[in-house]
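The values are calculated or read from the model by the stated rules, or taken from the named source; none is laboratory data. Everything numeric here is computed off the predicted structure, so don't read it as measured data. Here Cβ is always computed from backbone atoms with ideal geometry, including for glycine, and neighbour counts include all displayed protein chains.
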């Protein structure tokens with residue numbers, strides 16, 4: 001573990017300091033990179049996690065994070081777009097945002113657009129013009145439609161992107177990868193200048209992670225974790241005016257809508273939220289130990305009975321689950337419906353990534369679902385292949 005000394009300033013409110021409450025050493029510094037061999041996966045660069053909590057704003061961050069160790073490139077494969085469950089959610093969210101913000105004939109900016117699916121939904125259905133930034137964007141995944149007016153930049157959104165003022169700024173599942181959160185959101189605000197705009201950000205909901213000790217949602221790339229309190233304070237400090245804070249995807253995602261103009265209305269963070277967060281942070285180490293005991297007990301039992309177990313979901317949650325539990329054996333592999341991930345290997349542990357059809361030969365006795373929202377979808381995929389393994393999800397472990 002890194003040796004962290006002295007008070008650690010909070011990058012979110014710039015006023016409080018961070019008290020460390022959870023550490024993990026030698027974790028893979030990227031969970032979604034495609035690694036072609038088991039050896040490459042086993043030797044992938046590792047870093048440390050030292051989660052700190054700011055009692056002033058409720059922010060949680062990895063105080064040991066080193067951005068030099070992360071990689072976002074064309075071999076970063078993060079999309080969930082091959083899941084019918086996620087596709088329905090994604091399209092529904094796009095439709096709701098178009099209606100809510102009257103996105104018709106507008107300029108739209110998406111920061112962290114991934115492979116571009118969501119920006120294309122916003123622009124196709126709303127007849128808007130869009131630009132998306134993401135170093136992991138791949139042009140060969142996208143065949144432009146006639147009349148389409150969307151531009152993608154396979155690079156980071158930085159302070160040099162001063163010509164990107166838009167009517168609507170969207171940033172989904174990106175802010176959690178940014179260590180200097182207030183600096184980043186201030187940059188987004190400054191780029192807007194005097195142009196009126198509506199803002200929409202979506203990130204993982206940290207309250208659930210802290211309360212239930214969802215350790216599979218703690219991994220190196222996610223260096224910043226938000227609750228409603230810390231998110232609202234951040235946007236106000238950066239010069240935006242929050243108008244609404246909500247939840248999506250069965251409470252897994254936290255959202256904030258904000259404006260460049262003050263409407264005089266909007267959410268106000270209360271001290272009771274901070275007290276609740278503080279309690280969850282204090283209980284996290286004990287609950288974490290119980291989670292490890294639960295899952296290691298299950299895995300030992302399956303191994304003793306000669307059962308074959310796999311995890312379903314080879315992305316970040318899967319990498320965190322395997323590395324946190326130290327599972328170099330006991331799990332036969334990881335399953336993923338994304339064809340672009342199949343045949344590669346999991347960072348840190350070297351487990352092979354299978355496609356669902358590979359399970360017909362493997363015939364697993366147990367499938368551990370990394371994201372419980374896909375449980376029914378996965379059960380249906382298994383049933384289609386004549387497979388009836390025991391199915392558990394990560395939320396079947398110990399709860400607060």
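So that you can scan it fast, the table gives a plain yes or no per residue for (1) touching a strand residue (DSSP E or B) at 6+ places or on another chain (Cβ under 9 Å); (2) at pLDDT below 95; (3) surrounded by 19 or more Cβ atoms within 10 Å (Cβ to Cβ):
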position: 292; (1), (2), (3): no, no, no
position: 299; (1), (2), (3): yes, no, yes
position: 308; (1), (2), (3): yes, no, no
position: 313; (1), (2), (3): yes, no, yes
position: 320; (1), (2), (3): yes, no, yes
position: 328; (1), (2), (3): no, yes, no
position: 335; (1), (2), (3): yes, no, yes
position: 339; (1), (2), (3): no, no, no
position: 347; (1), (2), (3): yes, no, yes
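Pairs under 8 Å by beta carbon, first residue modelled with pLDDT under 95 in region 354-371, partner in a loop (DSSP other than H, G, I, E, B) and surrounded by 22 or more Cβ atoms within 10 Å (Cβ to Cβ), six or more apart or different chains?
Cβ pairs passing all conditions: none.
Going by what's in this entry, would residue 116 be described as in contact with a strand residue (DSSP E or B) (Cβ under 6 Å, 6 or more places away or on another chain), assigned by TED's automatic domain parsing to the domain that holds residue 98 and closer than 17 Å to residue 91 by Cα? Quick ask: steps written out before the conclusion?
Numbers: in contact with a strand residue (DSSP E or B) (Cβ under 6 Å, 6 or more places away or on another chain): yes; assigned by TED's automatic domain parsing to the domain that holds residue 98: yes; closer than 17 Å to residue 91 by Cα: yes.
Against the criterion (in contact with a strand residue (DSSP E or B) (Cβ under 6 Å, 6 or more places away or on another chain), assigned by TED's automatic domain parsing to the domain that holds residue 98 and closer than 17 Å to residue 91 by Cα), residue 116 qualifies.
For region 82-121, give me the residue count where each residue is surrounded by fewer than 15 Cβ atoms within 10 Å (Cβ to Cβ) and in a loop (DSSP other than H, G, I, E, B).
Total meeting the criteria: 4.
Looking only at residues in region 41-72 that are assigned to a helix (DSSP H, G or I) and touching a strand residue (DSSP E or B) at 6+ places or on another chain (Cβ under 7 Å), which one is surrounded by the fewest Cβ atoms within 10 Å (Cβ to Cβ)?
From region 41-72, those assigned to a helix (DSSP H, G or I) are 41-42, 67-69; that's our starting set.
Imposing the further condition that a residue be touching a strand residue (DSSP E or B) at 6+ places or on another chain (Cβ under 7 Å) reduces the set to 41, 69.
Working: 41: 23, 69: 15.
Checked region 41-72; the qualifying residue surrounded by the fewest Cβ atoms within 10 Å (Cβ to Cβ) is 69.
For region 34-43, indicate whether the set of residues that are under 19 Å from the mean Cα position of the chain (by Cα), at pLDDT 95 or above and farther than 28 Å from residue 185 by Cβ is non-empty.
In the first step, residues of region 34-43 are kept if they are under 19 Å from the mean Cα position of the chain (by Cα); the result is 34.
Still in the running and at pLDDT 95 or above: 34.
So of that shortlist, the ones also farther than 28 Å from residue 185 by Cβ come out as 34.
Yes.
Only one of 219, 157 is in a loop (DSSP other than H, G, I, E, B), touching a residue at least 12 places away in the same chain (Cβ under 8 Å), buried (at least 23 other Cβ atoms within 10 Å of the Cβ) and out of contact with any helix residue (DSSP H, G or I) (no Cβ under 7 Å at 6 or more places or on another chain). Can you tell me which? Show your work before the answer.
Values: 219 fails: out of contact with any helix residue (DSSP H, G or I) (no Cβ under 7 Å at 6 or more places or on another chain).
It is 157.
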